[in-house]
Amino acid sequence: MHLHTEARAIAQECLTKAESEGDADTAREYIHQDCEFHEVAIYYHKAISFCAEQDTSAGEEWLEDCGGIAQPGDSFGQIACRIAFATLYVAAQEALEELLEEQEEAAA
């Protein structure tokens with residue numbers, strides 16, 4: 001999986017869903033939901049592979065800002081799922097901002 005491509009696809013899909021409501025904040029909520037239930041965020045093997053193949057720095061930083069990467073009692077797989085989710089979530093949020101800027105430029 002190519003992180004930027006997947007993140008942009010998620011952002012585009014969520015923006016399209018939210019356009020009927022005309023609200024970028026709604027797209028952000030959809031992004032959270034889509035990333036939370038993405039295969040890399042729920043399957044240990046997928047998460048571990050994802051973390052091994054991607055630069056997870058932005059996701060790890062986001063988690064640290066939210067209170068930490070690991071919680072007491074976490075397994076390795078749970079930590080990998082959390083990091084994979086955060087990495088995909090941050091990338092999709094960035095992709096959404098890019099898409100919104102592109103829409104503004106096209107409208108101008």
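Summary of computed values
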quantity	calculated
Index of the failed condition, A86 passing every other in (1) without any contact (Cβ under 8 Å) to a residue 24 or more places away in the chain; (2) assigned to a helix (DSSP H, G or I); (3) surrounded by 16 or more Cβ atoms within 10 Å (Cβ to Cβ)	(1)
Hits in the stretch 13-24 - residues which are of a type in the set (D, E, K, R) and in contact (Cβ under 8 Å) with a residue 12 or more places away in the chain	E13, K17
Close pairs (8 angstrom Cβ cut-off, 6 or more residues apart or separate chains): touching a residue at least 60 places away in the same chain (Cβ under 8 Å) and assigned to a helix (DSSP H, G or I) in the stretch 92-108, polar (S, T, N, Q) and surrounded by 10 or more Cβ atoms within 10 Å (Cβ to Cβ) anywhere	A95/Q12; L99/Q12
Top-ranked residue of the stretch 36-81 - restricted to ones that are assigned to a helix (DSSP H, G or I) and in contact (Cβ under 8 Å) with a residue 40 or more places away in the chain, ranked as nearest to I10 (Cα to Cα)	E36
The stretch 25-35 - residue that is without any contact (Cβ under 8 Å) to a residue 60 or more places away in the chain and among the charged types (D, E, K, R) and, of those, surrounded by the fewest Cβ atoms within 10 Å (Cβ to Cβ)	D25
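Residues checked against (1) closer than 20 Å to L99 by Cα; (2) touching a Ser or Thr at 6+ places or on another chain (Cβ under 6 Å); (3) among the hydroxyl-bearing types (S, T, Y):
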{"site": "A9", "(1), (2), (3)": "yes, no, no"}
{"site": "D25", "(1), (2), (3)": "yes, no, no"}
{"site": "F37", "(1), (2), (3)": "no, no, no"}
{"site": "Y43", "(1), (2), (3)": "no, no, yes"}
{"site": "P72", "(1), (2), (3)": "no, no, no"}
{"site": "S75", "(1), (2), (3)": "no, no, yes"}
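Every read-out reported here was derived from the displayed coordinates using simple, explicitly stated rules and does not represent laboratory data. Source: prediction; values computed, not measured. Every residue, glycine as well, gets a Cβ built from its backbone with ideal geometry; the counts of neighbours run over all protein chains shown.
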